[in-house]
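Here is the structure we will look at, set down as structure tokens.
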Amino acid sequence: MTLLEFARGPALQASALIMIAGMAWRMAGILLLRRRPQYAASRHSLARRMGGGASLILSRFIPRRTFWPRIAVGVMLSAVFHLGLALVFFGGAPHILLVHQATGLIWPNLPKGLIVMASGLTLAAMIALIVRRRLHPVLRLLSTADDYVSWLLVFLPVLTGILLSGEAIGDYGSLLTLHILSVEALMIWLPFGKLMHSVLVFAGRWTMGVTFARKGAAT
């Protein structure tokens, strides 16, 4: 068995199993947390509370105007990174094919040129974000090993994906093996580090919005 065969077979299956089990473990831990009983009657109907959850998810994508002057650079870089990553993952033909093979779902892919451009912008935004984190005194103080490991495990698949798309640097089989292994490392890490926010962010915002709506608080 070659390393590429290992990456496509046992390693992929093991990393997927670890990711799913880890996510289930994290979600179970959250659902089993003790919650304080709500003695006060809700100020709004169930439908209004559900709407409050959806409203908070959407409203938190744009920071409040008061904070914008201080965080504009970070917000814009983060937006480029997240949007570019989403375009690459959901629009790249190889990724769509992989999802189709695993689930049967399929959708049209984006042009290769657009994917390469999105990958380049994502890579540039990630480099700018890590430099900003190291130069900003508060961000540097707040950063932990988790932040840097998570950054590296996202950076490597993006970098190797760009090299694969060029098909001019290095051996294609070796690059493909590195790309697959880097994605599998990301899958294994995802449930246990801060990258889990990609799964929890919407549920967390929705829960907060429902709670605010129940109390009649503004979001």
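Numbers at a glance
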| quantity | calculated |
| --- | --- |
| Subset of region 78-93 [closer than 15 Å to residue 112 by Cβ and among the aliphatic types (A, V, I, L, M)] | 87, 88, 93 |
| Region 7-23, residues that are at pLDDT 90 or above and closer than 30 Å to residue 171 by Cβ | 10, 11, 12, 13, 14, 15, 16, 17, 18, 19 |
| Number of the condition not met by residue 177 [criteria: (1) among the hydroxyl-bearing types (Ser, Thr, Tyr); (2) without any contact (Cβ under 8 Å) to a residue 40 or more places away in the chain; (3) surrounded by 14 or more Cβ atoms within 10 Å (Cβ to Cβ)] | (2) |
| First in region 48-59 and under 18 Å from residue 201 (Cβ atoms) and touching a residue at least 60 places away in the same chain (Cβ under 8 Å), second anywhere and among the basic types (Lys, Arg) and part of a helix (DSSP H, G or I), Cβ under 8 Å, 6 or more apart | 52/214; 53/205; 56/205; 57/205 |
| Candidate set: region 180-195, residues that are small (Gly, Ala, Ser) and either modelled with pLDDT under 95 or surrounded by 20 or more Cβ atoms within 10 Å (Cβ to Cβ) (or both); chosen: the one farthest from residue 13 (Cα to Cα) | 193 |
| Number of positions in region 120-134 that are of a type in the set (D, E, K, R) and touching a residue at least 24 places away in the same chain (Cβ under 8 Å) | 1 |
| The one condition in (1) farther than 29 Å from residue 128 by Cα; (2) at pLDDT below 80; (3) not in a helix (DSSP H, G or I) that residue 53 fails to fulfil | (3) |
| Residue satisfying condition, being under 23 Å from residue 201 (Cα atoms), surrounded by 14 or more Cβ atoms within 10 Å (Cβ to Cβ) and at pLDDT 80 or above, within set 70, 26 | 26 |
| Which listed residue is in a loop (DSSP other than H, G, I, E, B), without any contact (Cβ under 8 Å) to a residue 12 or more places away in the chain and more than 30 Å from residue 177 (Cα to Cα), from 69, 63, 37 | 37 |
| Meets criteria (surrounded by fewer than 16 Cβ atoms within 10 Å (Cβ to Cβ) and part of a helix (DSSP H, G or I)) for residue 76 | yes |
| Top-ranked residue of region 88-126 - restricted to ones that are modelled with pLDDT of 90 or more and among the hydroxyl-bearing types (Ser, Thr, Tyr), ranked as farthest from the chain's Cα centre (by Cα) | 119 |
| Residue that is surrounded by the fewest Cβ atoms within 10 Å (Cβ to Cβ) [pool: residues in region 50-67 that are in contact with a Gly (Cβ under 8 Å, 6 or more places away or on another chain) and not hydrophobic (A, V, I, L, M, F, W, C)] | 55 |
| Boolean, residue 13 is part of a helix (DSSP H, G or I) and over 20 Å from the mean Cα position of the chain (by Cα) | yes |
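For (1) surrounded by 17 or more Cβ atoms within 10 Å (Cβ to Cβ); (2) touching a residue at least 12 places away in the same chain (Cβ under 8 Å); (3) over 24 Å from residue 195 (Cα atoms); (4) of a type in the set (Val, Ile, Thr), each residue gets a yes or a no:
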| residue | (1), (2), (3), (4) |
| --- | --- |
| 109 | no, yes, yes, no |
| 115 | yes, yes, no, yes |
| 118 | yes, yes, no, no |
| 136 | no, no, no, no |
| 142 | no, no, no, no |
| 155 | yes, yes, no, no |
| 161 | yes, yes, no, no |
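The values are calculated or read from the model by the stated rules, or taken from the named source; none is laboratory data. Small disclaimer: the values here were computed from a predicted structure and weren't measured. Neighbour counts are summed over all protein chains in view; Cβ atoms, including those assigned to glycine, are modelled from backbone coordinates with ideal geometry.
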